[in-house]
1. In the set 31, 20, which member is at pLDDT below 85, among the polar types (S, T, N, Q) and either surrounded by 10 or more Cβ atoms within 10 Å (Cβ to Cβ) or in contact with a helix residue (DSSP H, G or I) (Cβ under 9 Å, 6 or more places away or on another chain) (or both)?
2. Does residue 58 satisfy being among the charged types (D, E, K, R) and modelled with pLDDT under 75?
Amino acid sequence: MSSDDIRNTLETQVEDLRKQLKHITSTLSEQGLNLDELREGAEEGLHGVGRSAQRAVRHAQDEAEAVFDVARKAPAATTTALTIAGALGFLVGYLVATSQHEDSKHHPWRRLKL
């Protein structure tokens, strides 16, 4: 192999390497733009979620204050309402428990634990 052949081969390889490097550089820059856009979109989304969470917390605080104000102004009515709610909860729990108990009497295989 002559020196001219070696030089031509090296020049061809260098040119191929330049093309590959140019392709890699363009690919990386395209991905960099996409990553920046994704990052910006995520930041905007986080800010939106943060604002929504702050509004929800303020709304919950306002509602809690309203409930406490009513409870302070009418303690007897509040006590009555809580007693009724507790009694209804107990009644529902009792009915569910007894219906499950009666159901297992009619279907003994449901008591089996596999």
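The values are calculated or read from the model by the stated rules, or taken from the named source; none is laboratory data. Quick caveat, the model's predicted, so the values are computed rather than measured. All Cβ positions, even for glycine, are placed from backbone atoms using ideal geometry, and neighbour counts span all protein chains on display.
1. 31
2. no
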